[in-house]
Structure formats: C-alpha cells, structure tokens
Amino acid sequence: MTSNGSAYARFRRALQSGNLTLVRTAAAELPNVSLDDALHVCVLLRDREPERYERAAVRWIARFCVERRDVSIEDVDQASQAFALMREDPERALLALQALCAGV
C-alpha cells in the first residue's frame with residue numbers, strides 16, 4: 001500500500017472524481033472490477049464518452065449473465081431496459097441495475 005492508499009481506494013477516488021483516465025489507470029491495478037463498480041464506470045461513460053456507453057452497457061449485461069448464475073431472461077430484459085432508461089432517468093435506472101446486481 002502506498003501513501004495514496006490501496007489500489008481499490010484509488011479506484012474509488014477516481015470514480016468519484018469522474019476522470020475516466022484516472023478510472024482506467026486505477027482499474028488496471030485491480031485484480032478485478034466488481035459488477036457494481038463496473039456499473040458506475042458505465043454511468044461515467046454515459047456522461048463523459050457517450051459514444052462508448054452502449055458498448056459498455058452491453059458488456060455489463062454480458063458480465064451480469066455470467067456472474068449471476070440464476071439470471072433469467074426477465075432479468076436481462078430489465079437490465080437492458082434500465083440501460084436504455086439511463087439517458088432519461090439515470091437515478092431510477094441506476095437503482096434498478098443496482099437491485100439486479102444485489103439479486104433483489
């Protein structure tokens with residue numbers, strides 16, 4: 001650990017800063033990025049690099065399918081709809097996606 005804290009702490013600070021360059025650099029130091037953290041990266045991409053948002057959303061949904069063994073078609077549909085909603089109602093969309101992450 002450095003004087004800047006753990007790699008994960010640096011990643012969280014980078015997410016909070018909204019600087020995608022810092023986020024990418026900090027994420028590269030981690031053994032993996034959780035599904036919830038990847039969701040926050042998607043939100044940043046929507047805001048900062050919208051041309052990459054849809055691809056990131058699709059990749060998130062793919063990870064969701066792989067990491068949640070009990071995922072259903074309805075869950076995938078809800079995730080897809082939430083990502084589509086993200087542009088119009090980001091708070092509601094984020095809550096829906098976080099609930100899916102938690103398996104609620």
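The values are calculated or read from the model by the stated rules, or taken from the named source; none is laboratory data. Predicted, not measured: the structure shown is a model, and the values here were computed from it. Neighbour counts are summed over all protein chains in view; Cβ atoms, including those assigned to glycine, are modelled from backbone coordinates with ideal geometry.
For segment 1-9, the criterion of being surrounded by fewer than 15 Cβ atoms within 10 Å (Cβ to Cβ), modelled with pLDDT under 95, in a loop (DSSP other than H, G, I, E, B) and in contact with a helix residue (DSSP H, G or I) (Cβ under 7 Å, 6 or more places away or on another chain) is met by at least one residue.
Residues in segment 33-53 that are of a type in the set (Asp, Glu) and either in a loop (DSSP other than H, G, I, E, B) or over 12 Å from the mean Cα position of the chain (by Cα) (or both): Asp47, Glu49, Glu51.
Filtered by the rule that a residue be out of contact with any Pro (no Cβ under 8 Å at 6 or more places or on another chain), within 19 Å of Phe64 (Cβ to Cβ) and surrounded by 16 or more Cβ atoms within 10 Å (Cβ to Cβ), segment 16-45 gives Ala27, Val33, Leu35, Asp37, Ala38, Leu39, His40, Val41, Cys42, Leu44, Leu45.
Scanning segment 59-84 for residues that are touching a residue at least 24 places away in the same chain (Cβ under 8 Å) and either farther than 21 Å from Gly18 by Cα or not in a helix (DSSP H, G or I) (or both) yields Arg63, Phe64, Glu67, Arg68, Asp70, Asp75. In the set Leu30, Leu15, Leu22, Leu97, only one residue is at pLDDT 95 or above and not in a helix (DSSP H, G or I); that residue is Leu30. In segment 46-66, the qualifying residues are those that are surrounded by 13 or more Cβ atoms within 10 Å (Cβ to Cβ) and of a type in the set (Gly, Ala, Ser), and the one that is farthest from Glu88 (Cα to Cα) is Ala56. When Arg69 is tested against (1) in the same structural domain as Leu94 (by TED's automatic domain parsing); (2) closer than 22 Å to Ala93 by Cβ; (3) of a type in the set (Lys, Arg), just one condition goes unmet, and that condition is (2).
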